[in-house]
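Where a number appears in this text, it was derived from the coordinates with a stated rule and is not lab data. Everything numeric in this text was worked out from a predicted model, so none of it was measured. When we count neighbours, we look across all protein chains shown, and the Cβ atoms used for this are built from the backbone with ideal geometry, even at glycine.
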Amino acid sequence: MKLQSHSHSAMACNDSRLFRLGGQEISRNPPLPLTLRNPPRRLCTVHCSHSNHSLPYPPSLSIIKSTSKLFSAISNSLPNIMSFLTSDSTKMEGSDFTEEVTEATEIYINAIGKKKIFVAGATGSTGKRIVERLLAKGFRVKAGVRDLDKAKTSLPQDNPALQIVKADVTEGSAKLADAISDDSEAVICATGCRSGWDLYAPWKVDNLGTVNLVDACRKLGVKRFILVSSLLVNGAAMGQILNPAYIFLNVFGLTLIAKLRAEDYIRESGMNYTIIRPGGLRNEPPTGNLVMEPEDTLYEGTISRDQVAEVAIEALVRPQASYKVVEIVARANAPKRSYGDLFSSITQR
């Protein structure tokens with residue numbers, strides 16, 4: 001069932017206390033919209049004296065606690081949440097790796113020479129798949145990880161084409177620039193915060209962490225940036241404000257809104273970007289064929305992390321993917337199409 005929103009109300013935060021984030025003293029006093037007007041791309045910002053851009057700040061606890069009232073909508077509409085997290089699909093036969101993919105990859109690798117691809121969030125469920133596929137295709141890879149011990153068990157340790165470096169996106173752009181360094185040709189961001197009690201985690205990781213990565217790239221002159229985001233980040237503008245999946249993913253820390261703010265920052269950065277918005281992520285092998293649509297089109301469906309990793313790499317090597325936002329799911333009844341055809345079919349809005 002597709003739910004539509006006709007509400008344009010907003011809730012404001014009246015908590016005037018200050019807190020510090022990333023060295024900045026931030027006020028919670030300005031109003032932050034919870035139910036956003038169309039388009040929902042202008043949240044409250046804090047202006048940094050050392051930079052000519054503004055950064056969004058996290059919502060106060062009072063706002064996040066107020067969203068607990070939305071749990072009734074979730075409990076009453078649990079089957080609809082599952083429509084985002086599940087899809088009708090059958091296992092694909094054969095391989096997704098075609099000669100066209102190989103040729104595009106070889107052309108790109110030859111063009112960048114000995115430079116590396118930096119993967120942020122490399123020990124995550126999607127990030128490690130990206131690393132594995134990059135190595136399998138012949139790339140030199142620099143894996144950015146928060147926990148070096150975890151990397152010893154989740155990433156290859158004997159591949160001379162892989163360099164593992166400590167990189168925490170929440171620690172600022174200067175440290176990230178040191179980790180990425182000038183031997184990286186491009187950055188793929190596959191970071192994400194685990195669910196937990198830290199209600200500011202989505203803002204620190206999905207928003208400010210991505211901003212830090214972009215700033216580090218700009219400092220180094222890295223011009224290519226791939227972001228793995230999420231379906232429904234702009235759900236309010238799509239009329240999906242009451243979509244149970246949109247509610248569920250925002251109820252703790254406004255995760256999707258944090259991701260949307262990061263997307264906006266990337267668009268305005270001047271970098272050559274591709275933003276990938278996958279549906280519900282599955283750890284199982286690929287099922288169904290890839291469906292790729294323009295931004296703000298899809299609102300349900302799932303996809304294997306393996307397919308997301310493949311799309312991220314194909315976006316990297318294909319000029320047709322530049323400066324585009326794409327949404328992806330897998331469907332059993334979708335025709336099988338080449339990556340070149342899929343990316344070429346997307347006209348950026």
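Given a Förster distance of 45 angstrom, what is the FRET efficiency for ASP149 paired with SER322, based on the Cβ-Cβ distance and rounded to 0.05?
0.75
Computed from Cα atoms alone, the Kirkwood hydrodynamic radius reported for the range 139-255 is 15.8 Å. Just so you know, the Cα atoms of the range 265-349 work out to an Rg and Dmax of 12.4, 38 Å. Reported to the nearest whole Å, the Cα centre-to-centre distance from the range 298-349 to the range 210-235 is 18.
Computed over the alpha carbons of the range 222-294, Rg followed by Dmax gives 13.7, 39 Å. Annotation: for a label point projected 7 angstrom from Cα along Cα→Cβ of ASP182, residues of the range 215-245 with backbone N closer than 13 Å are 219-222. Compactness of the range 83-344 is given as radius of gyration and Dmax, 17.2, 49 Å, from Cα positions. The stretch between ASP341 and GLU268, if pulled fully straight at 0.36 nm per residue, gains 23.6 nm over its current Cα-Cα span. Take the Cα of GLN163, step 7 Å toward its Cβ, do the same at LYS223, and the gap between the two points is 2.1 nm.
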